[in-house]
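The values are calculated or read from the model by the stated rules, or taken from the named source; none is laboratory data. Keep in mind the model is a prediction, meaning the values are calculated, not measured. FYI the Cβ positions are ideal-geometry reconstructions off the backbone, even for glycines, and counts take in every protein chain you see. Only protein heavy atoms, including side chains, enter the accessible area calculation; ligands, DNA and RNA are left aside. Shrake-Rupley method; radii C 1.70, N 1.55, O 1.52, S 1.80 Å.
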Amino acid sequence: MQILHPFAGSVQQYNEQLSDPDVHRPGSCPQCQDKHPLTAHGFYTRTLIDTVFDGVIRVRRYLCKACQRTVSLLPEFILPYLRSSLIVIALFLVTRLLAGQTIEAAAAAPPAMPYQRGQFWIRRFRAQAPSLCASLAALTPPTPAPDFVHRALAMLQTTGWIAAHRFLLAGLRCHLLGWPRGLAPDGRRAALSSAAAPA
Ligand SMILES: [Zn+2]
């Protein structure tokens with residue numbers, strides 16, 4: 001399970017403060033609610049594409065001895081399961097959907113990327129927009145807009161994308177672009193049910 005590392009700052013600052021496992025050690029387990037502090041359990045690495053960074057970062061992991069499951073602390077500039085940082089994705093969506101630039105122009109802005117990646121984000125954002133509008137209404141009044149996509153973008157711009165992501169993930173277990181299939185609705189792997197097996 002991934003939860004948010006309560007940290008705001010640059011990628012470099014994040015890397016520097018990762019070495020001390022006590023700084024943000026969860027005091028209880030978010031999965032089984034056991035009340036004991038979790039045990040440091042190493043790191044995993046993942047790639048990250050940010051506006052000024054393209055490389056590998058480490059993500060700290062903790063183990064709950066009660067339920068034997070791990071919890072990873074994801075820095076808040078990242079959305080689970082996406083390689084590009086939240087700011088890169090936000091800039092693309094705003095450029096394409098609010099400023100109305102072509103998808104090729106939006107994808108060519110640094111860090112340049114294949115426009116298909118942007119299409120994938122747009123598809124997920126469109127599907128997610130109605131529920132984003134509903135959820136973000138707790139943070140900011142709904143903005144008059146012609147459709148859910150424009151309203152969600154305006155509300156995200158007002159709230160701030162990282163603040164909105166923090167609220168959605170930490171508070172509601174919602175993924176700003178929607179969880180990948182199999183992890184909905186809250187980012188946990190659903191238990192396989194024998195009833196779901198094909199007949
Ligand atoms: Zn646990």
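Worth pointing out:
- Taken over the range 19-31, the criterion of being among the small types (G, A, S) and more than 16 Å from the ligand (Cβ to nearest atom) is satisfied by S19 alone.
- Hits in the range 128-175 (condition: under 24 Å from E104 (Cβ atoms) and surrounded by 14 or more Cβ atoms within 10 Å (Cβ to Cβ)): Q128, A129, V149, H150, A152, L153, L156, Q157, W161
- Within the range 154-173, the set of residues being of a type in the set (A, V, I, L, M, F, W, C), farther than 12 Å from E76 by Cα and at pLDDT below 95 comprises just one member, L172.
- Search result, residues across the range 12-67 that are open to solvent by 60 Å² or more (accessible area, probe 1.4 Å), of a type in the set (A, V, I, L, M, F, W, C) and farther than 16 Å from M1 by Cα: V23, V52, V56
Per-residue answers, yes or no, for (1) within 16 Å of the ligand (Cβ to nearest atom); (2) touching a residue at least 40 places away in the same chain (Cβ under 8 Å):
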residue	(1), (2)
Q17	no, no
Q33	yes, no
L48	no, no
I57	no, yes
T70	yes, yes
L82	no, yes
L98	no, yes
Q101	no, no
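- Residues of the range 140-167 classified as more than 19 Å from L4 (Cα to Cα) and not small (G, A, S), total: 15
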